[in-house]
Structures are given as C-alpha cells and as structure tokens.
1. Please state, rounded to one decimal and in Å, the Kirkwood hydrodynamic radius that the chain gives when every pair of distinct Cα atoms enters the mean of 1/r.
2. What is the gain in length, in nm to one decimal, between Thr18 and Lys39 on full extension, counting 0.36 nm per residue of separation less the C-alpha to C-alpha distance?
Amino acid sequence: MEGYCVKCKAKREIKDATPGFNKRGSAVVFGSCPVCGTKIYRIGRTPLHEGMEAPKN
C-alpha cells in the first residue's frame, strides 16, 4: 500500500501500515516512510479495513 511522503516528495510503500479511523469517522491508514521515517497518513478505505466498523459519533 502506498502513500505520499511529504519529506521525500514521493509515493512510498507504507511501513507498518495500521488501519484506523480519524475523528470524523473516515477510514485512514497510519504508517511511516521506509526511507526517512516520516509519518504517512492515507485517507480512504482499503482491504485492511475489511471487517472494521467506523466509530459512531
């Protein structure tokens, strides 16, 4: 799974990808850049979210 690293200014494979939800209940994936270690945050449902339900606000 890829995300955009703002420090490298390139799309990178997300290291230690963890599915979750933000405060608004949108699906996101958290992880880090394998090159520089910067946090990567990808918005949108992915196969990692399969079986997960968004929290109710």
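Read-outs throughout are calculated quantities, based only on the coordinates presented, and are distinct from any laboratory measurement. If you're wondering where the values come from, they're calculated on a predicted model, not measured in any experiment.
1. 11.6
2. Value of the extension gain: 6.4 nm.
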